[in-house]
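One structure below.
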Amino acid sequence: MMTIGIEPVEGGCVISPQGRLTVVSTPELRQAVAARIEAGDRLIVVDLSGTTFVDSSGLGALVSCLKSARQAGGDLRLVAPTEQVSMVLRLTNLDRILQPRASVEEALHD
């Protein structure tokens, strides 16, 4: 089971999925990101420090959310992925596209 926290920040928000990002939970993440983009947030920071596992559906959702944010004139930035999530990002070379940052502060000021 996954829960999603949303914290507003200047110009955007921090979305914090907690738990496993899988085929079951990706619709919730996609909806949260879409709602924030629709609300006018231009910078979506996804804090993965509480995400313990990601499967191919989760990776697809992250890429889809990045595309949606950029099409709306904004950006999506990942921060603090756990070791398991970092390994999956590296193995799929998505770390080059999604470019995870070390902290929320770094993502906000990058």
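What follows is calculated from the coordinates using simple rules that are stated; it is not laboratory data. The structure presented is a predicted model; accordingly, all values stated were derived computationally and were not measured. Please note: Cβ atoms are built from the backbone with ideal geometry, for glycine as well, and neighbour counts cover all protein chains shown.
Tabulated values for the structure
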quantity	calculated
In degrees, nearest ten, helix 56-71 long axis to first principal axis of the chain (Cα)	20 degrees
Bridge type composition, the chain - antiparallel percent by DSSP, nearest 5	35 percent
For the chain, Kirkwood radius (reciprocal of mean inverse C-alpha pair distance, Å)	13.4 Å
Note, ³J(HN,Hα) from phi for region 104-110, Karplus 6.51, -1.76, 1.60, rounded to Hz, x at Gly and Pro	4, 4, 4, 5, 6, 10, 7
Max mean-square fluctuation residue, GNM over the chain, Cα-Cα springs under 10 Å, options Pro27, Pro100, Pro17	Pro27
Sequence ranges 65-72, 90-97, ranked by mean other-Cβ count within 10 angstrom, highest first	65-72, 90-97
Between helix 26-38 and the chain: long-axis angle, C-alpha atoms, 0 to 90°, nearest 10	20 degrees
